[in-house]
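Below is one structure, written out as C-alpha cells; the observations come after it.
The values are calculated or read from the model by the stated rules, or taken from the named source; none is laboratory data. Please read all numbers here as calculations on a predicted model, not as lab measurements. Positions of Cβ are backbone-derived with ideal geometry, glycine not excepted, and every protein chain shown enters the neighbour counts. Note: areas computed on protein heavy atoms with side chains; ligands, DNA, RNA excluded. Shrake-Rupley method; radii C 1.70, N 1.55, O 1.52, S 1.80 Å.
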Amino acid sequence: MKLDSRYKGIICIIASAFCFATMNLFLHLAGDLPFWQKGFFRNSIALIFAAIILFRERKKVKIRIDSKNIGCLFGRAAFGTLGLLCNFYCVDHMNLSDASMLNKLAPFFAIVFSAIFLKEKAKWFQWAAVVIAFAGSLFIVKPSFGMEVFPAMIGVLGGLGAGVAYTFVRKLAQYETPGALIVLFFSAFSVILLGPVVALTYVPMTPKQWALLLLTGLAASGGQFFVTAAYTYAPAKEISVYDYSQVIFAALWGILFLGQIPDIYSALGYLIIVSVAIAMYIATKRSIAKEAKQGGS
C-alpha cells in the first residue's frame, strides 16, 4: 500500500519526536557533566552532519549569506543556543517528560513573537491557546518561593528561546535559506561560543560518557533529518500536533530507564497543553478550510 504524503509526514514527525526524546535520555544517562559541555559535543556532531548534507546538496541549493539573512541567522543561532542549553539543564534536573513538555511551549511562544516581529496576525483562538498553554505549564512548574522551582523556570525560558528561534527560521524561509545552512550556522555558532567555556571547565569523560554523547548527537541529527523530511511531505498545520508524541516517549523512557513517574500535577499540565495543541490544530484546519471556501465562492 502506497502512503500519501500526509501520512509520510506524520510518520516522520513521530520518528523525529522519538529521536529527540531518546536524545534527552542519552543526555541524562551521560551523568554529572556540565550541561554546556554536553551541548558543545551534541552540536559538534550536528555540525559535521549539516556540513556533509550541505556539501552533497551544494549543486541543488543556493548557499548564500548576505545582509538580508545574516541578522536572522545570528538571531536563530543565539536563541536556539539559549533554548538548547536551557533544555539540557532541565534534562539533568527534572523528569524527562517535564523537561520535554516545557520545551514544547516553543510553538506557543512562536505565535507571540511572530505577531510582534513578523506582523503575522494571530487569530483569537491562537491567543487563547497561548494563555491556556501557559496556565498548563504552571502545573509542571509548580510555582513556589523555593529553589526547587528554578529548573522549571529555566525550562520555560528554554521554550521561549526556542520559540524566538522558530520565528527567525520562519523569516529565513521567506528568504529561501536552505535548512542545512540554518542548522550549520546554528551548530557552528554554538560550538564557537561554547568552545572556550568547555576548554576552561572541561570535565574528563569516561568511555561510556563519550559513547552516550556520541549517541546524543546521532539521535539529535536523526531528529533534525526526520523533522525536515516531515515538513517536506506535509504543511505544519496538518502534522505539527503529532510532535507532542515526544512527551509520551519521554515519559516512557523516564519510567523504564530512570524510574521517573510524573506526579498528578505534571500529568494535568501535560493534558492541558496537549489538549490545547490539538484544539488549536483542529481550529486552524477549520479556519483555513473556511477561508478557502469563501475565496472560491
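What value in Å³ per residue do you get for the convex hull of the alpha-carbon atoms in the range 1-61?
Considering the Cα atoms of the range 1-61, their hull volume per residue is 124 Å³.
Nearest 20 debye, what's the magnitude of the dipole of the range 1-155 about its Cα centre given +1 on Lys and Arg Cβ and -1 on Asp and Glu Cβ?
The dipole magnitude comes to about 1040 debye.
Taking 0.36 nm per residue of sequence separation and subtracting the Cα-Cα distance, how much length would be gained by fully extending the chain between Ala199 and Phe74, in nm to one decimal?
Length gained between Ala199 and Phe74: 42.7 nm.
Return the long-range amide H neighbours of Glu120 (sequence gap of 5 or more, or a different chain), with a cut-off of under 5 Å between placed amide H atoms.
Amide H to amide H, under 5 Å and 5 or more residues apart or across chains, Glu120 pairs with Ala115.
Rounded to a whole number, what is D in µm²/s for the chain from Stokes-Einstein with the Kirkwood radius over alpha-carbon pairs (20 °C, 1.002 mPa s)?
Approximately 108 µm²/s, per Stokes-Einstein.
Roughly how many Å² of Phe225 are accessible to a 1.4 Å probe, to the nearest 10?
Using a 1.4 Å probe on the heavy atoms, I get roughly 130 Å².
How do Lys290, Lys142, Lys38 stack up against each other in accessible area, from largest to smallest, with a 1.4 angstrom probe?
Most to least solvent-accessible, the answer reads Lys290, Lys142, Lys38.
Positive end of the charge dipole of the range 51-192 (Lys, Arg +1 and Asp, Glu -1 on Cβ, about the Cα centre): tell me which of Asn69, Val141, Pro151 has its Cα farthest that way.
Asn69
Would you list which lysines come within 24 Å of Lys123, measuring only between C-alpha atoms, while excluding same-chain residues fewer than 8 positions from it?
Counting by Cα, and skipping residues close in sequence, Lys123 has these lysines nearby: Lys104, Lys171, Lys237, Lys285, Lys290, Lys293.
Could you sort Tyr242, Tyr89 by accessible area so the largest value comes first, with the probe set to 1.4 Å?
Tyr242, Tyr89
Report the percentage of all Cα-Cα pairs in the range 144-297 whose separation exceeds 27 Å, rounded to a whole percent.
Here the long-distance tail beyond 27 Å is 44 percent of all Cα pairs in the range 144-297.
Can you send over the solvent-accessible area of Arg58, 1.4 Å probe, protein chains only, in Å² to the nearest 10?
110 Å²
Could you tell me the accessible area of Ser287 in Å² (1.4 Å probe, neighbours in place), rounded to the nearest ten?
The accessible area comes out at roughly 20 Å².
Rg(Cα) of the range 82-174 divided by 2.2 N^0.38 Å?
Against the compact-globule rule of thumb, the ratio is 1.11.
For the chain, what is the accessible area per residue in Å² when the probe is 1.4 Å?
I get 51 Å² per residue for this part.
I'd like the carbon and sulfur percentage of the solvent accessible area for the range 196-296, probe radius 1.4 Å, heavy atoms only, ligands and nucleic acids excluded.
72 percent
Just to confirm a number: summing +1 for Lys and Arg and -1 for Asp and Glu over residues other than Ala279 whose beta-carbon lies under 13 angstrom from that of Ala279, what do you get?
Overall, the nearby charge balance is +3.
For the range 23-87, what size does the Cα cloud have along each of its three principal axes, sorted from largest down, in whole Å?
Principal-axis extents of the range 23-87 (Cα, largest first): 42, 26, 14 Å.
Can you give the three extents of the C-alpha atoms in the range 1-122 along their principal axes, from longest to shortest, in whole Å?
Answer, in whole Å and largest first: 45, 42, 37 Å.
Given a 1.4 Å probe and heavy atoms of the protein chains only, how would you sort Ile192, Ile111, largest accessible area at the top?
My answer, sorted largest first, is Ile192, Ile111.
Determine the dipole magnitude for the chain: charges of +1 sit on the beta-carbon of Lys and Arg, -1 on that of Asp and Glu, nothing else is charged, the reference point is the Cα centre, and the result goes in debye to the nearest 20.
The calculation lands at about 1240 debye.
Among all helices in the chain defined by DSSP H, which have a length of 30 Å or more along the axis from Cα atoms plus a Kyte-Doolittle mean of at least 0.0?
Helices meeting the span and hydropathy rule in the chain are 5-29, 35-56, 70-93, 150-174, 179-201, 207-233, 264-296.
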